[in-house]
Amino acid sequence: MQRLTEVSSAQAWCRALRARGESLGFVATMGFLHEGHLALVEQAAKDNDHVCVSIFVNPLQFDDPADLERYPRNMEGDASMLEGAGCAMVFGGTLEGFFPGQLDERGELLPEHLVDPGSCALGLEGEYRRGHFVGVATIVQRLFEVVEPTRAYFGAKDYQQCLVVSEVGRRRGGPEVIISPTVREASGLALSSRNARLAAAGREQGLFISRALFAAKELWQQGERNAGILARRMQAVLEESELEVEYAAVRNPEHWSPEEPQAALSQAVALIAAKAQGQNGRVRLIDNMQLS
Ligand code: AMP
């Protein structure tokens, strides 16, 4: 496996491969990898001749500097996991490396280079993490330019992000964006790099998130189609915990809306964001589940 630290070398590596007419699967990550990331890499390895992975803790998508600072990192561990999962090249870089000549004197990206994340960025994550999806759309568009992958793989765990990056892919005419299912612990907790920062009590609190999602799913299976009633079922489960809940909401996945849909739903996805107790400050967790 090639390990590259310059964006320009990664671009040259990808170009050489595409010039030979070979297909390239791409997985964008922020590192501190777990089985959820590896599932994306393995899927990409099945579908393509080669897989490449980026590891970049993108400052543009963090609305809270302390969260960026505390984000876990483990480059050596990540590299050995990727090697075992069939990755041919892993690369990272700096903000300056991704956006040469486009930063101001404070090292921030000039606003004219930011990418519009589209209407799916409105509401929920977009509301609670101001600017987050602008940062996601900007780096993902740049990563797509650098790698020019045949297919790019994202995890359903970050539901709204999947909508945003699919739109970025559509707008520029590729790559094909493929969404892989959320990988969970046996306990139901969705795998996340942030789980490493949970205190023992926070891990227990985190279990209420998937419990609430499954409760909404059960209600859906009993025939409930009202978004408000489904959301209140989740809120009732979450209230039994000491989580600091940001939202527990239901949306129509076919027609994303920032507000709760009023009409009876034919399709539904339930989404939760909540903060659990960490070893050092609270840890923000998100999860979602397709109800239909
Ligand atoms: P991150 O490193 O958190 O930016 O995640 C990189 C990619 O891995 C994103 O497409 C995530 O949606 C995906 N991912 C993270 N956790 C999981 C999980 N538990 N199951 C499936 N995909 C995941």
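Restrict the check to the range 119-133 and report whether at least one residue is assigned to a helix (DSSP H, G or I), within 23 Å of residue 9 (Cα to Cα) and out of contact with any Asp or Glu (no Cβ under 7 Å at 6 or more places or on another chain).
no
Given (1) within 19 Å of the chain's Cα centre (by Cα); (2) part of a helix (DSSP H, G or I), identify the lone condition not met by residue 77.
Single failed check for residue 77: (1).
Take the residues of the range 152-177 that are within 13 Å of the ligand (Cβ to nearest atom) and touching a Leu at 6+ places or on another chain (Cβ under 9 Å): which is farthest from residue 248 (Cα to Cα)?
152
Which one of these is surrounded by fewer than 16 Cβ atoms within 10 Å (Cβ to Cβ), among the hydrophobic types (A, V, I, L, M, F, W, C) and more than 23 Å from residue 192 (Cα to Cα): 68, 110, 103, 95?
Of the residues listed, the single one that is surrounded by fewer than 16 Cβ atoms within 10 Å (Cβ to Cβ), among the hydrophobic types (A, V, I, L, M, F, W, C) and more than 23 Å from residue 192 (Cα to Cα) is 110.
Under the condition of being more than 7 Å from the ligand (Cβ to nearest atom) and surrounded by fewer than 20 Cβ atoms within 10 Å (Cβ to Cβ), which residue from the range 180-190 is nearest to residue 269 (Cα to Cα)?
188
Is there a residue in the range 114-125 that is surrounded by 14 or more Cβ atoms within 10 Å (Cβ to Cβ) and touching a Lys or Arg at 6+ places or on another chain (Cβ under 7 Å)?
Looking through the range 114-125, none of the residues is surrounded by 14 or more Cβ atoms within 10 Å (Cβ to Cβ) and touching a Lys or Arg at 6+ places or on another chain (Cβ under 7 Å).
Could you please let me know if residue 84 is exposed (fewer than 13 other Cβ atoms within 10 Å of the Cβ) and of a type outside the set (A, V, I, L, M)?
yes
Restricting attention to the range 191-224, and to residues there that are within 14 Å of the ligand (Cβ to nearest atom), under 30 Å from residue 263 (Cα atoms) and not β-branched (Val, Ile, Thr), which single residue is surrounded by the fewest Cβ atoms within 10 Å (Cβ to Cβ)?
Here the answer is 210.
Which residues, counting only those in the range 159-216, are in a helix (DSSP H, G or I) and acidic (Asp, Glu)?
167, 204
Go through the range 16-37 residue by residue and tally those that are in a helix (DSSP H, G or I) and either without any contact (Cβ under 8 Å) to a residue 24 or more places away in the chain or within 9 Å of the ligand (Cβ to nearest atom) (or both).
Summing the residues that are in a helix (DSSP H, G or I) and either without any contact (Cβ under 8 Å) to a residue 24 or more places away in the chain or within 9 Å of the ligand (Cβ to nearest atom) (or both) in the range 16-37 gives 5.
Report yes if residue 251 is modelled with pLDDT of 95 or more, over 22 Å from the mean Cα position of the chain (by Cα) and crowded, with 17+ Cβ neighbours inside 10 Å, otherwise no.
No, not satisfied.
Test each condition in (1) among the charged types (D, E, K, R); (2) part of a loop (DSSP other than H, G, I, E, B); (3) out of contact with any Lys or Arg (no Cβ under 6 Å at 6 or more places or on another chain) for residue 46 and report the one that comes out false.
(2)
Go through the range 243-292 and count every residue that is aromatic (Phe, Trp, Tyr) and assigned to a loop (DSSP other than H, G, I, E, B).
Selection size over the range 243-292: 1.
Taking the stated definitions as given, is residue 133 within 19 Å of the chain's Cα centre (by Cα) and more than 20 Å from residue 167 (Cα to Cα)?
no
Just name the residue that is surrounded by the fewest Cβ atoms within 10 Å (Cβ to Cβ) out of those in the range 271-281 that are over 15 Å from residue 129 (Cα atoms) and either basic (Lys, Arg) or over 19 Å from the mean Cα position of the chain (by Cα) (or both).
280
Count, please, the residues in the range 38-58 that happen to be within 13 Å of the ligand (Cβ to nearest atom) and over 20 Å from residue 185 (Cβ atoms).
Here the count works out to 7.
Do any residues in the range 178-197 that are touching a residue at least 40 places away in the same chain (Cβ under 8 Å) have Cβ atoms under 6 Å from those of residues that are basic (Lys, Arg) and within 8 Å of the ligand (Cβ to nearest atom), where the two are at least six apart or on different chains, and which pairs are they?
Matching pairs, first to second residue: 182/157; 190/157; 190/184.
The values are calculated or read from the model by the stated rules, or taken from the named source; none is laboratory data. Just so you know, these numbers come straight off a predicted model, no measurement behind them. A quick note on method: Cβ atoms are made from the backbone with ideal geometry, for glycine too, and the neighbour counts reach across all protein chains shown.
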